[in-house]
Amino acid sequence: MNTGKIKKLVRDKGFGFIHDTDGREIFFHQNSLVEVRFDALNEEQIVTYDVEKSDKGPRAINLRLA
């Protein structure tokens, strides 16, 4: 599991970005959330997640509030 902070939410599109502890920006989609609703998320919240590779770069999956 990785830990990071929600950097930006794009509510009308259902996705956002996490700033991880290594300084990388990781994309996530609302379909990747576990035990939390997308509309309950806020920027600056600490989250845990796994990372998978995608065509456009790293993507967070199994995202949970820390």
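The values are calculated or read from the model by the stated rules, or taken from the named source; none is laboratory data. Remember, predicted model here, so these are calculated numbers, not experimental data. Counting neighbours? That spans all protein chains shown, and the Cβs are built from the backbone with ideal geometry, glycine included.
Of note:
- Per-region count, the stretch 1-54, residues under 18 Å from Ala66 (Cβ atoms), at pLDDT below 95 and polar (S, T, N, Q): 1
- Annotation: of all residues in the stretch 44-66 being part of a strand (DSSP E or B) and among the basic types (Lys, Arg), the one that is farthest from Met1 (Cα to Cα) is Lys53.
- Of the residues making up the stretch 3-43, those that are surrounded by 11 or more Cβ atoms within 10 Å (Cβ to Cβ) and either polar (S, T, N, Q) or not in a strand (DSSP E or B) (or both) are Thr3, Arg11, Gly14, Arg24, Gln30, Ser32, Val34, Val36, Phe38, Leu41, Glu43.
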